[in-house]
1. At 1.4 Å probe size, put Leu20, Leu190 in order of accessible surface, largest to smallest.
2. Over what distance in Å are the Cα centres of the range 120-180 and the range 58-100 separated?
3. Heavy atoms only, 1.4 Å probe, whole protein assembly: order Ser171, Ser103 by accessible area, highest first.
4. On a full-extension model of 0.36 nm per residue, what is the gain between Ser109 and Asp157, subtracting their alpha-carbon distance, rounded to one decimal in nm?
5. Please turn the phi angles of the range 77-87 into ³J(HN,Hα) values with the Karplus equation 6.51 cos²θ - 1.76 cosθ + 1.60 (θ = phi - 60°), one per residue in order, whole Hz, x for glycine and proline.
6. Taking 20 Å as the cut-off for C-alpha to C-alpha distance, list the pairs among Lys135/Lys185; Lys34/Lys148; Lys5/Lys89; Lys40/Lys148; Lys80/Lys180 that go past it.
7. Given the Cα-Cα distance of Lys5 and Arg21 and 0.36 nm per residue of separation, how much length would full extension add, in nm?
8. Round to the nearest 0.05 the FRET efficiency obtained for Asp14 and Asp141 when R0 = 35 Å and r is the Cβ-Cβ distance.
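The values are calculated or read from the model by the stated rules, or taken from the named source; none is laboratory data. Since this is a predicted model, take the numbers as computed values, not measurements. Counting neighbours? That spans all protein chains shown, and the Cβs are built from the backbone with ideal geometry, glycine included. Remember, those area values only see protein heavy atoms, side chains included, never the ligands or the DNA or RNA. Shrake-Rupley method; radii C 1.70, N 1.55, O 1.52, S 1.80 Å.
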Amino acid sequence: MADVKITTDLQLDDATVRVLRDLFGCTEGELGAKLGPYVKAAAHEYIEMFTGAAPITSATDVREPRLVAIIRHGLGAIPKPAELGRLFKMTTTGAATLVQNVSAKHDVSVGPIYNAALLAYVTAAKPDEGAKAGKHFVSIDNVAMVRKLNDLLRGADEPMTLVRLTEDSASLYGMDPASKEYLIKVLTPLAERGNGG
């Protein structure tokens, strides 16, 4: 594998700088660092197009490979739907669906990163002393992530209780301890399971 170094300077007009500063919530001096992951992702997108690895046949084909490139080569993480919606100029619901589609269609490419994000949510779930039946709770602002967790629970050999939104909350979810334990088991990479992970 070859390491190819690319450096570039972008000339941006004042109006564009203002829009980008507002979008990323940063100063003009921080824009380079904020744009860096997306520039890297864009370079990979062009390379895949040049080499025929990801041919684009219509305008609707663009968003999925672009998001895959951002996840794999740029951020190294799953962007939140609200953030992705702002970047791609789409609704938060549309962005959540895009994340879910990418997760389903590009599992080999983004699966490990997606699973790490899911595992982070599950391990962050903590019991609430006032809660019934020892449920664990975590705030998840990405409905696509909740759907994926529940898909994993539905695939268990034994029936598992699904992750559910709590009453009077838009993003606080509860899960049974047995469901949490199962999700940790299936989401932990095989290499780490042998080390007590």
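1. I get Leu190, Leu20, largest accessible area first.
2. Their Cα centres are 24 Å away from one another.
3. The ordering from most to least exposed comes out as Ser171, Ser103.
4. 14.6 nm
5. Calculated HN-Hα couplings, in order: 8, 8, x, 5, x, 5, 5, 5, x, 5, 5 Hz.
6. Lys34/Lys148; Lys5/Lys89; Lys40/Lys148; Lys80/Lys180
7. Here the answer is 3.1 nm.
8. After rounding to 0.05, the efficiency reads 0.60.
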